[in-house]
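Structure first, then comments.
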Amino acid sequence: MISDLKGTFSHISNNIKRSAIREILKLTQNPEVISFAGGLPAPESFPVDSLDGLISTMLKEEGAAVLQYDATEGVTELRELLLKKYQDEGIECSLDNLIVTTGSQQGLDLVGKVLVNEGDTVICGLPSYLGGIGAFQAYGAKMAGVPMDEQGMSADLLEAKLIELAEQGIKPKFIYVIPDFQNPTGITMPKSRRIEILELAHKYDVLLVEDCPYREVRFEGEAQPMMYELDNDDHVLTLGTFSKIFAPGLRIGWILGPEAVNEKIVIAKQSADLCTPTFVQKIAVRYLKSGVFESNLKKTIDLYHQRRDVMLSEMEKCMPKGVSWTHPEGGMFLFITLPENMNALDLFHKAIEKKVAFVTGNVFYCNGGGNNTMRLNFSYVNNEKAIEGIRRLAKIIEKEMVTTESEIFA
Ligand code: PMP
């Protein structure tokens with residue numbers, strides 16, 4: 001082995017941290033564990049039967065073409081279909097604004113690659129998606145967290161942060177937000193908050209990166225406009241994906257962004273993977289055209305709606321007083337806040353012993369906070385298991401509360 005292996009690794013590889021969630025997921029592999037930990041869509045929602053026929057017809061009709069390289073920007077037909085979806089919603093955009101990526105995770109990585117220099121500041125919510133934070137930190141970003149309230153990132157605190165940074169001579173590279181059914185909280189920003197945040201992005205002349213993997217998975221309330229739509233000055237770049245509305249294994253996402261930023265992203269993507277697999281893009285084209293996309297998405301939304309209801313009603317029944325949680329109108333996650341003095345990590349180990357798992361909320365806080373929070377996924381576990389899992393969790397929390405209280409008064 002080379003003598004100075006450590007010195008041989010790049011700064012980027014040293015910046016990359018092992019995902020805390022991936023580590024937790026290892027502990028939950030045991031099939032007896034009821035896991036609310038992963039961010040997995042329900043496998044029942046994947047259109048296996050429809051794809052079976054569709055793929056063999058595609059191979060018969062298109063042959064070798066589906067196995068060939070294609071443009072880095074993506075298969076034109078797929079880009080056109082995605083574009084039409086946005087244009088039908090009244091969003092102004094052209095083909096130059098749209099690039100297909102290998103999952104939106106690649107989109108996040110490419111955003112980091114083209115925008116972040118070592119030591120640059122990126123603003124995100126407290127809490128925020130770990131995979132986004134990790135992607136930006138890999139390129140040396142310093143994350144500056146802005147607390148959230150029940151409407152998402154606080155606009156007042158965002159402005160305070162922007163002022164504080166400006167006083168230090170720091171201009172952040174971008175603000176990262178997940179406006180719909182945020183991972184990890186499930187919170188959605190109403191239009192008014194989106195406008196406030198966008199106005200600040202304009203006022204302080206900072207790009208806004210809007211990550212929208214859950215946007216279409218809405219089972220209640222009214223859809224809110226995308227920040228891309230509300231913007232009129234090329235300040236917003238949006239990330240989309242088929243992972244939660246079709247199948248994550250296909251690894252298809254996309255970026256809807258300002259042409260000048262997209263040009264850089266395409267060049268960066270060339271050295272990442274030349275192109276997103278042609279085969280899966282062509283499958284997506286046929287799937288979108290088949291009409292099954294809409295009906296399957298509706299089934300998925302109904303399933304998650306029902307699963308969320310079951311979780312919420314069981315939590316209502318058995319969670320001890322002093323514990324609160326979010327009531328997401330869509331997406332796949334809800335977020336629990338325990339009393340201040342409790343630590344979710346202590347609970348986690350006890351929960352694993354009782355064969356129930358969740359993700360401790362602190363991993364989503366770039367400032368080391370959130371020790372009394374936890375993220376629960378409601379899309380993956382069936383109703384029967386969810387009820388049992390919540391009962392177990394409630395008991396563990398209740399027991400821990402008593403212990404913590406007695407420690408305080410001891
Ligand atoms: N952004 C957010 C907020 C997510 O929750 C996820 C997946 N959990 C992703 C991006 C990445 O999704 P994918 O690469 O599968 O499109």
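None of the figures in this text is laboratory data; all of them are computed from the coordinates on show. These figures come from a predicted structure and were not determined experimentally. Note: ideal-geometry Cβ built from the backbone for every residue, glycine included; neighbour counts use all protein chains shown.
Round to the nearest 0.05 the FRET efficiency obtained for ILE163 and HIS11 when R0 = 30 Å and r is the Cβ-Cβ distance.
0.50
For the chain, which span is the longest to avoid every loop-located (per DSSP) member of trypsin sites (Lys or Arg not before Pro) having at most 12 other Cβ atoms inside 10 Å?
No qualifying site falls inside 19-320, the longest such stretch.
Under a 10 Å cutoff between Cα atoms, tell me which one of ASP49, ASP346, ASP205 has the largest fluctuation in the Gaussian network model of the chain.
In the Gaussian network model the winner is ASP49.
Where Lys and Arg each count +1 and Asp and Glu each count -1, what net charge lies around THR72 among other residues with Cβ under 9 Å from its Cβ?
-2
Can you tell me the Rg and the Dmax, both Å, for the Cα atoms in region 66-289?
For region 66-289, the Cα-based Rg and Dmax read 16.8, 54 Å.
What FRET efficiency comes out for GLU62 versus GLU259 if R0 is 41 angstrom and r is the Cβ-Cβ distance? Round to the nearest 0.05.
Computed FRET efficiency for GLU62 and GLU259 comes out at 0.85.
Pairs to check: LYS269/LYS298; LYS161/LYS298; LYS17/LYS171; LYS171/LYS269. Give those whose C-alpha atoms are more than 30 Å from each other in this structure.
LYS269/LYS298; LYS161/LYS298
Within the chain, which is the longest segment containing none of the chymotrypsin sites (Phe, Trp or Tyr not before Pro) that sit in a DSSP loop and have at most 13 other Cβ atoms within 10 Å?
Here the longest segment lacking exposed loop sites spans 70-410.
Separation between the LEU27 and ASP52 pseudo-spin-labels, each 7 Å from Cα along Cα→Cβ, expressed in nm?
Label-label distance for LEU27 and ASP52, simple model: 3.9 nm.
Below 22 Å, Cα to Cα, which lysines can LYS395 reach? Residues fewer than 8 away in the same chain don't count.
Output for LYS395: LYS317, LYS321, LYS350, LYS354, LYS355, LYS385.
With each run of n ≥ 4 DSSP H residues scored as -39500 (n - 2.57), what mean residue ellipticity at 222 nm is computed for the chain after dividing by its residue count and rounding to the nearest 500 deg cm²/dmol?
For the chain, the value works out to -14500 deg cm²/dmol.
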